[in-house]
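Comments concern the structure below.
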Amino acid sequence: MRLLVVEDEPRISEIIKAALERAEFAVDTVRLRADAREALANTAYDAAILDLGLPDGDGLNLLAELRPAGSRIPILILTARDAVEDRVLGLDAGADDYLVKPFAMSELVARTKALLRRPGAALGTTLKAGNIVFDTIGRDVSVAGVPLQLPRREAAILEHLLRRQGRVVPKSVLEEKLYGIDDELESNAVPVHVHHLRRKLQDAAASAEIHTVRGVGYLLAETKG
Amino acid sequence: MSFGQFRSLQVRLAVRLAVLYVAAAAIAVGVLVYQVYDTAGSLNDRELGLRAEDLARALVADGTGQPRLDLPAKLAAAYAAAPEDDLFAIRDTNGRVIAASPDEFGERVAKWPPATDEPSYFRLSGAGSEDFGSETYYGLSVALQTAAGPMWISVARTEGSDALIRSILREFVVNAIWVSPLLMLATLAIGIFAIRNGLKPVREVSRMAASIGPDATSVRLPEQDLPTEIMPLVASINHALDRLEKGFAVQREFTANAAHELRTPLAIINSALETMDGNSELEKLRTDVARMNRLVEQLLRVARLDSVALEFGTVDLNKVASLAVAAMAPWAIAQGKAIAFAGTEWPVNVKANVHALEDALRNLIENAVAHAPAGTEVTVTVDRAGRIDVADRGRGVPRKDRENIFKRFWRGAGEKKEGAGLGLAIVSEIMRAHRGSVSVAENPGGGAVFTLSFPPLQTGDSKIARRYIAGDAA
């Protein structure tokens, strides 16, 4: 998978490149907005990481050009805290996610992977966490190569947790996912489904588990060690 | 008494003023008394002089040319009425006594030297004498021209005859002495009152000066309405404050720049360490770098808090707290600890800067997770009254440390050197900027509870309250 990093500070750019390469991405870096525009026109990148403060202009303008032209490339914005705009916070500009500087490289890698796990994105068809594999086209789930039968609702919850793995998925978001399947939703439907799903994954010796963040939502993370 | 022992300018001035007043009053009274006594004395002398002249006028020469005293009836009656009080004796230039009252006085005077034209005064003690009793007499002798030729005339009266005037004088002096402590107290009181009033602007300036600290370097002392003597002092202090403020600004800028510049190389080292294959030394190195990273980030936060005025908006504590919990949850879970959020059904709105509030909460949650034993839960609770509690099941904070833990670079005894001791100081400063506070207490059942308290928002802001969905129990 090939990523474009648009960042004018050479050392930061270098670190980002190194971190992403360690996660087995191919990375190109450019310094200027003009170069970024050209690179995006010539190469089919799977995602782009875009710094907003560039020497030849605001990175947001690049977004404003890309989206109307029909580009759906996932874009992660980097910005200094003091320069966070409401537009960025609301992602109205067409970005898919943003990170406020300073950030941990591990966070950048995790967010980038999450972007790529979206439906339609490069990692969006086959979702993985530890030894769990979810083929979103065939709706097949396997743990350590052994197929695992899941009801539709539990599969929907697992899919979403996998797409956002390593991050907390609010309970309300999972409820919305279930509304598409079930019009009459019991108030404790999500906890009940998560409870069953968790047990099935445990029984299948999955190397990733679902954690509850009481009062907020759920998080799927690979089991340590 | 040394005035040096009074540190207060007010008391010093008042005491000196009072002493001055009393000294001046004493001198004035003394002069007055002396003058009165002097006048009384000369009145007495004049009276005696007039008597001598009266006697001289009454002297006539009889047919033989012998001098004879022919007192008018009135005067004769007066002398006869009190022969022991009013004395006289008349001698001729040979020293022969012509007339005397009483005779005893004449006998005495006969032995005296000749009188002169200038009156000479004498004091006569009658003690032991039959006629004079024990009285003391004061009198004068003078040589006067009479119808019977030059005569020596001596008159005297008892000293007690001016007793009335003298007793009045004595009473006056006693009163003056008795009143002087009252006068002293009154002048002291008036002095203190007047000086206090006069020093009011100085006290005002002192009060303002007391509010100056590292957080309020922009305060300047008012230079209006000040006594001209103090103006130069205040002006110099203000100049010194200008220089101090500049110094502070330079120092803050330096901290911010240094932290900012350290960030990139640290990130590079961090990133390089992540790529290396680990042994235990490398693991330690990674921990060290992570700690340094944290310190640099916190220094940056401190510098930002010090230098930038926060912009405030209306913020729902439920929203900020649940987002902070969601953001910190992956890290907490990776540490083998659970984290939970308990919100309220309705929004709890406060005036706050979202980023600063996030920083504060993040620091508290980091702290709680770091101190929580593995397998326990850190809970973040929002209260309707505008409070956020962050509770853990760690060892808690000893009562004696509860004030100190919010100071910069403070670390409790025996505590592992994990942080720089800045995290809680940052929280405290953020809360002060919000006119709120942070405090720590014991968590019932063990551990610590840190509480962020915000001042209540005016009612009306929460009227458009909306049910907060993420606040439902998951």
Open item on the list: Looking at B:96, B:91, B:46, can you tell me which residue is touching a strand residue (DSSP E or B) at 6+ places or on another chain (Cβ under 9 Å), modelled with pLDDT of 80 or more and over 30 Å from residue B:179 (Cα atoms)?
Closed with: B:91
Open item on the list: With the structure loaded, tell me whether residue A:137 is at pLDDT 85 or above, surrounded by fewer than 17 Cβ atoms within 10 Å (Cβ to Cβ) and touching a Ser or Thr at 6+ places or on another chain (Cβ under 8 Å) or whether it fails that test.
Closed with: yes
- [ ] Collect the residues in the range B:366-378 that are touching a strand residue (DSSP E or B) at 6+ places or on another chain (Cβ under 6 Å) and either crowded, with 22+ Cβ neighbours inside 10 Å or not assigned by TED's automatic domain parsing to the domain that holds residue B:451 (or both), keeping them in residue-number order.
- [x] B:368, B:369, B:372, B:378
- [ ] Collect the residues in the range B:22-81 that are of a type in the set (D, E, K, R) and not in a helix (DSSP H, G or I), keeping them in residue-number order.
- [x] B:62, B:68, B:70
Task: Out of A:154, A:209, sole residue that is over 20 Å from residue B:338 (Cα atoms) and either more than 14 Å from chain B (Cβ to nearest Cβ) or surrounded by 15 or more Cβ atoms within 10 Å (Cβ to Cβ) (or both) - done: A:154
TODO: Tell me, please, whether a residue that is surrounded by fewer than 22 Cβ atoms within 10 Å (Cβ to Cβ), out of contact with any strand residue (DSSP E or B) (no Cβ under 8 Å at 6 or more places or on another chain), in contact (Cβ under 8 Å) with a residue 24 or more places away in the chain and within 14 Å of another protein chain (Cβ to nearest Cβ) can be found in the range B:341-351.
DONE: yes
Open item on the list: Report every pair of residues separated by at least 6 positions or lying on different chains whose Cβ atoms are under 7 Å apart, first residue within the range B:239-261 and over 16 Å from residue B:302 (Cβ atoms), second of a type in the set (D, E, K, R) and outside any helix (DSSP H, G or I).
Closed with: B:241/B:220
- [ ] Just give me the residues in the range B:195-212 being within 16 Å of residue B:229 (Cα to Cα) and either not hydroxyl-bearing (Ser, Thr, Tyr) or not in a helix (DSSP H, G or I) (or both), in sequence order.
- [x] B:195, B:196, B:197, B:198, B:199, B:200, B:201, B:202, B:203, B:204, B:205
- [ ] Give the residue that is nearest to the other protein chains (Cβ to nearest Cβ), with candidates limited to residues of the range A:4-16 that are under 16 Å from residue A:66 (Cα atoms) and touching a Leu at 6+ places or on another chain (Cβ under 7 Å).
- [x] A:6
Open item on the list: Considering only residues that are crowded, with 18+ Cβ neighbours inside 10 Å, at pLDDT 90 or above and either within 14 Å of chain B (Cβ to nearest Cβ) or touching a Gly at 6+ places or on another chain (Cβ under 7 Å) (or both), which ones fall in the range A:17-50?
Closed with: A:17, A:20, A:27, A:33, A:50
Task: Subset of the range A:182-206 that is away from chain B (no Cβ under 11 Å) and surrounded by 16 or more Cβ atoms within 10 Å (Cβ to Cβ) - its residue that is modelled with the lowest pLDDT - done: A:189
Open item on the list: Looking for something more than 14 Å from chain B (Cβ to nearest Cβ) and in contact with a Gly (Cβ under 8 Å, 6 or more places away or on another chain) - is there at least one such residue anywhere in the range A:88-106?
Closed with: no
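The values are calculated or read from the model by the stated rules, or taken from the named source; none is laboratory data. Nothing here was measured: the structure is a model prediction, and the numbers come from that model. In this analysis, Cβ positions are derived from the backbone assuming ideal geometry, glycine residues included, and neighbour counts consider all displayed protein chains.
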